[in-house]
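Chemist: This is the structure I want to talk about, given as structure tokens.
The values are calculated or read from the model by the stated rules, or taken from the named source; none is laboratory data. Values in this document were obtained by computation on a predicted structure and should not be read as measured data. Positions of Cβ are generated from backbone atoms using ideal geometry, with glycine treated the same way; all protein chains shown enter the neighbour counts. These accessible areas exclude ligands, DNA and RNA; they are computed on the full protein's heavy atoms, side chains included. Shrake-Rupley method; radii C 1.70, N 1.55, O 1.52, S 1.80 Å.
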Amino acid sequence: MKRDMDLVRTLLIKIADDPQFNGIGNPTLDPLDYVTEAASYADVDYHLRQLLDADMLNGEPMMSPGFIIRNVTWSGHDFLDTVRDPEIWARTKKGAAAAGGFTIDLLKDLAKGLVRKQIEDRTGVKL
């Protein structure tokens, strides 16, 4: 299956913004709740597994369909903080496409550079 970074971003945003995934207890997540016209059950399930493997989410798959998701990890929040803004995300994807490839770390670095430039432009403070 091909990695869909838009889906990765969407899943992280939804999970980070959901108060049940606060690191307390073992809340379950049903991939069906995240299915859209653009993302099938299999897409959501696969990407959630990848986010767990990448240590962006703290949790594990359940024996029955679904996941226990405790919270977004520090690394997941770092990535999300760089790509949450839709304008920064669009510019990040455009830059990655122009380069012809990317990794999650390169996407984060590119987005971080765009955020840094935006801060410098808005504050006049060189970072």
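Chemist: Between the range 9-40 and the range 80-127, how far is it from one alpha carbon centroid to the other, in angstrom?
Modeler: Each part's Cα centre sits 24 Å from the other's.
Chemist: Related question: Jot down the per residue volume, in cubic angstrom and as a whole number, of the convex hull over the alpha-carbon atoms of the chain. Present the calculation step by step, with values, prior to reporting the outcome.
Modeler: On the way: hull volume 15.2 nm³, N = 127.
Hull volume over Cα atoms, normalised by residue count, gives 120 Å³.
Chemist: Any idea what Rg and Dmax come out to for the range 56-113 if you just take the C-alpha atoms, in Å?
Modeler: 14.1, 41
Chemist: Now for a different question. Taking a probe of 1.4 Å, how large is the accessible area per residue of the chain, in Å²? Write down the numbers at each step before the final one.
Modeler: Numbers: 7550 Å² over 127 residues.
Per residue, the chain has 59 Å² of solvent-accessible surface.
Chemist: Given a cut-off of under 8 Å on Cα pairs at least six residues apart, what relative contact order in percent is computed for the range 31-108?
Modeler: 17 percent
Chemist: Which lysines does Lys112 reach when only Cα atoms under 17 Å apart count, and residues fewer than 8 places away in its own chain are ignored?
Modeler: By straight Cα distance, Lys112 reaches Lys93, Lys94, Lys126.
Chemist: Taking a cut-off of 14 Å between Cα atoms, list the aspartates and glutamates near Lys2, but don't count ones fewer than 8 places away on the same chain.
Modeler: Those aspartates and glutamates meeting the cut-off are Asp43, Asp45.
Chemist: How much net charge surrounds Glu120 when only the other residues with a Cβ under 13 Å from the Cβ of Glu120 are counted, with Lys and Arg +1 and Asp and Glu -1?
Modeler: Its environment carries a net charge of +4.
Chemist: Then there is this: For every other residue with a beta carbon closer than 11 angstrom to the beta carbon of Trp74, add +1 if it is Lys or Arg and -1 if Asp or Glu, then tell me the sum. Display every interim value, and only then the final one.
Modeler: Numbers: positive: none; negative: Asp55, Asp78, Asp81.
So the environment of Trp74 carries a net charge of -3.
Chemist: Follow-up. Leaving out ligands, DNA and RNA, what percent of the accessible area of the range 18-127 is carbon and sulfur, probe 1.4 Å?
Modeler: On the way: 3680 of 6640 Å².
Carbon and sulfur atoms account for 55 percent of the accessible area of the range 18-127.
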